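The values are calculated or read from the model by the stated rules, or taken from the named source; none is laboratory data. Just so you know, these numbers come straight off a predicted model, no measurement behind them. Ideal geometry is used to build each Cβ from the backbone, glycine not excepted, and the neighbour counts take in all protein chains shown.
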Amino acid sequence: MKVLDLSPLNADLDSRTVRDSTAPEGLVFHYADEAKPLATPWQVAVERAKLVRKCKLPEGIILDPACGSGIQLAAYIAMMGKEGLGIELDEATATAANSNLLRVANHGFNSALTDSTIRIGDGTIGECEQKIAMLHLDPARPRNSRTHGLEEMAPQLPDIFTAWKDKLSHGERGPAILLDLSPRLTAEQRLEVEIIVESFWPNIGKTWVWTSRGRGRVDRLSLWLGQLSQPGITRRFVRIPPDIKSKPVIVEGEGKSISEHRRPPRKGEYISILDAALVESGLATEYLEQVLPGQEVIWSISNGRRPQIHHSSKFGFENKNQELLIQASGRIVKLVHSELSEETIPRIIEASREYGFGKLTLRVAMDPELQPRLQGSLDRQLAAKGGSHSGFVAKQPQDAMLLLCLQS
């Protein structure tokens, strides 16, 4: 195919732009048709680039051989001052990426952006005269599919590794490689990825990174290799805060197992519902050791949308952002011996008024068609005669006991 190198200095800024809600005022981006949903949000791209910056990259440029709209590449260049080479098969998407590099440069970042290159071409052809300090790869995968195989990613990992391996500079821990993969990969598929990597770089360091913007969802799953890996740390969870000026919450470790000890919660204890994405990363135990030091933590639910624990005391947060990893937390003030249904709502209302609840949120797994009816009934009745306290209703699995919790 025809290869064409584009310079951001000659980029077209007249085409339609789209505002990224996570970008600073005045910074807008260009996208080819239907590319916007696939692009990395600017805030996520910048926070990732800041973490990469701490890894002491070797000499060379930053390569993204499937750069898409170029948002992540632009963030790397802006944060680290290294020139970049982005390669993209689709001409319209490559043109948008070229414009985005200039947009970011014009927003006050360094000249490395305008000295960089966007290439319309095939990223599996390893043509570059300069050494490469870092390889970033975000392969395309099937959209609107809950699962997919590694063979459905494009370009394929072995093709990229074969094309560029000999051009990668090495730091003290080897080449710097970041694979931005689908958050839908299973544990078995993650192992497959590691086996592929090992076939090219035996015994290379590996750190898996789960990134979330909230709502219990893993937005990005990436594998940081070689110079980007963290010795002794195989997993990292990064929670991007809603305030773009705030620092992310980072939890790191080896992934300690969740205790299998079980017992029912008691009145006066605290029920807490954790961020489901944190639990999915396998780092919930490390996080709880930070915010509940020395406390016994009993797990009621360790998977799904509402991972639930109970414990004896309030959390000890070192900073406000650590609270982002807790969906809800409250002290048990009443145990109601009842199932949750339209017929039993009056019993919950009666108990709620006894403790001055004016707002109760149902945090219980139930039929999605039933939940809004029950929540609406609670809201209407408590608004009419309720008190000033807020709380939630939780439940133990396989137990008819409802737990009324005063929000803390």
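Annotations
- In the stretch 299-318, of all residues being among the hydrophobic types (A, V, I, L, M, F, W, C) and touching a strand residue (DSSP E or B) at 6+ places or on another chain (Cβ under 8 Å), the one that is farthest from Gln396 (Cα to Cα) corresponds to Phe315.
- When the residues of the stretch 242-266 are filtered to those that are of a type in the set (Asp, Glu) and over 30 Å from Lys334 (Cα atoms), the one that is surrounded by the fewest Cβ atoms within 10 Å (Cβ to Cβ) is Asp243.
- Cβ-Cβ under 9 Å pairs, at least 6 apart or on other chains, the stretch 161-174 side assigned by TED's automatic domain parsing to the domain that holds Lys54, far side part of a helix (DSSP H, G or I) and not basic (Lys, Arg): Phe161/Ile196; Phe161/Val197; Phe161/Ser199; Phe161/Phe200; Thr162/Phe200; Lys165/Phe200
- In the set Gly171, Gly149, Gly214, only one residue is under 27 Å from Gly253 (Cα atoms) and more than 18 Å from the chain's Cα centre (by Cα); that residue is Gly171.
- If you go through the stretch 40-65 and keep only what is closer than 22 Å to Leu157 by Cα, of a type in the set (A, V, I, L, M) and not in a loop (DSSP other than H, G, I, E, B), you end up with Ala45, Ala49, Val52, Ile61, Ile62, Leu63.
- Test set (1) surrounded by fewer than 18 Cβ atoms within 10 Å (Cβ to Cβ); (2) not in a strand (DSSP E or B) - Val279 fails condition number: (1)
- Verdict on Gly86 being at pLDDT 95 or above, surrounded by 20 or more Cβ atoms within 10 Å (Cβ to Cβ) and in contact with a Pro (Cβ under 7 Å, 6 or more places away or on another chain): no
- If you check Pro24, Pro37 for being part of a helix (DSSP H, G or I) and at pLDDT below 95, only one passes: Pro37.
- Filtered residues of the stretch 391-407 (kept if crowded, with 16+ Cβ neighbours inside 10 Å and of a type in the set (S, T, N, Q)): Gln396
- Of all residues in the stretch 6-35, those satisfying the criterion of being surrounded by 13 or more Cβ atoms within 10 Å (Cβ to Cβ) and of a type outside the set (A, V, I, L, M, F, W, C) are Ser7, Pro8, Ser15, Thr17, Asp20, Thr22, Pro24, His30, Tyr31.
- Within the stretch 164-212, being part of a strand (DSSP E or B), out of contact with any Asp or Glu (no Cβ under 6 Å at 6 or more places or on another chain) and of a type in the set (Val, Ile, Thr) holds for Ile177, Thr207, Val209.
- Candidates Glu350, Glu318 - the one that is of a type in the set (Asp, Glu), over 28 Å from Glu260 (Cβ atoms) and out of contact with any helix residue (DSSP H, G or I) (no Cβ under 8 Å at 6 or more places or on another chain): Glu350
- Filter pass, Phe315 being part of a loop (DSSP other than H, G, I, E, B), of a type in the set (Phe, Trp, Tyr), crowded, with 18+ Cβ neighbours inside 10 Å and not assigned by TED's automatic domain parsing to the domain that holds Arg217: yes
- Annotation note: Cβ proximity below 6 Å between a residue of the stretch 287-311 that is touching a residue at least 12 places away in the same chain (Cβ under 8 Å) and a residue that is part of a loop (DSSP other than H, G, I, E, B) and of a type in the set (Asp, Glu) (sequence gap 6+ or interchain) occurs for His310/Glu269.
- For the stretch 2-20, a residue qualifies if it is in contact (Cβ under 8 Å) with a residue 12 or more places away in the chain and part of a loop (DSSP other than H, G, I, E, B), and the qualifying residues are Lys2, Val3, Ser7, Ala11, Asp12, Leu13, Ser15, Arg16, Asp20.
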